[in-house]
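Here's the structure, in structure tokens; my notes come after.
None of the figures in this text is laboratory data; all of them are computed from the coordinates on show. No experiment lies behind these values; they were computed from the predicted model shown. FYI the Cβ positions are ideal-geometry reconstructions off the backbone, even for glycines, and counts take in every protein chain you see.
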Amino acid sequence: MELKEVIGRRRSIRYFLPYRPVERDKIQAILEAARLASCAVNATFLRAIVVQRDELAPEVLEALKTPVSALTLDLAPVHIYFYGDLHALQRSRGQTLKELIDVGALNATHGWSYKFVDEVVWAQILEPLTRDPVRLVAAVAVDCGIAICQALLTAFDEGLGACLSAFEPRRAKEAFGVPDHWMPLYAMLVGYPAESWEAGGQRPRPPFAELYFEGRYGQPFHRDPAVVERLKAARMLQAPAPLPWRREEVKMLARAFGLPE
């Protein structure tokens, strides 16, 4: 698919074919996409543990559930538990920036040099950041979010369904041997959808003018109807939920899985 259509087709899929495994090469493609994501100072904060649901002991699977994720964890054959490495920046000490200088991504035209990294970027910006837990967590979370988004879109491009889900972090830490300095984020639940790819239509969102502003707060960014039509043609903007047949689809899924209607 083209990128805009991948974005348009993304839904939080919550009904999976629990018996159909996900090919290993597709999981690798998801992780490769995350690895290539833009990241501050090239430090690469995102970490992941890939778990096959059927390889989890029943008591461990049960312990990982939250009130909003229980059924989805049961149905998805693959769980990817995402974490942010809070020590990645400290370990880099600016060396990852020097790698970017070496390959020509950061250049003298913009003031970059090894000396600038050591005396300005690390000493005055990054090292103080490592000692400010609030700012550090925010920075790591943003970078991990970018990588997770690329992983999520790749899952859909590979013909899979996926959903970002909460999980019980203390139990996951015990089950998977997670280091203390890994910050729990989300589990990405992956599998082949049991529901239609439309999943009832694109989800409701606030009006465009309430979200985005031009020049200053209070001046909405003008939404051009011609651009809207172009994005509809590219299938980035699709029919909004609820599609007329969605309730019947959910009833069918409930009966198929023995769930309450």
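Here are the numbers for the structure shown:
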| read-out | value |
| --- | --- |
| Kirkwood Rh and Cα Rg combined as Rg over Rh, evaluated for the range 63-109 | 1.35 |
| Added length on full extension, which subtracts the Cα-Cα distance from 0.36 nm per residue, Q90 to E214 | 41.0 nm |
| Sites matching trypsin sites (Lys or Arg not before Pro) across the range 222-261 that sit in DSSP coil, with at most 14 neighbouring C-beta atoms within 10 Å | R223 |
| Contact order relative to length of the range 3-194, as percent, for alpha carbon pairs under 8 angstrom and 6 or more apart | 40 |
| The range 3-194 - share of DSSP beta bridges that are antiparallel (%, nearest 5) | 95 |
| Share of alpha-carbon pairs per 10 Å distance bin for the range 164-212, given as whole % | 18, 29, 25, 25, 3 |
| Within-14-Å neighbourhood charge of L89 [Cβ basis; K, R +1; D, E -1] | +1 |
| Which of A194, Q52, I148, positive extreme of dipole for the range 3-194 (C-beta unit charges) | A194 |
| Estimated FRET transfer efficiency when R0 is 22 angstrom, pair R203-R235 (beta carbons, to 0.05) | 0.90 |
| Spin-label model distance (nm) - E261 vs A141, 7 Å beyond Cα toward Cβ | 4.2 |
| For the chain, the longest site-free run once chymotrypsin sites (Phe, Trp or Tyr not before Pro) in DSSP loop states with at most 13 other Cβ atoms within 10 Å are removed | 20-196 |
| Sum of -39500 (n - 2.57) over DSSP H runs of 4+, divided by residues of the chain (222 nm, nearest 500) | -11500 deg cm²/dmol |
| Degrees separating the helix 24-35 axis from the principal Cα axis of the chain, which is the longest one | 40 |
| Sorted by Cβ neighbour density within 10 Å, fewest at the top, the residues E59, E127 | E59, E127 |
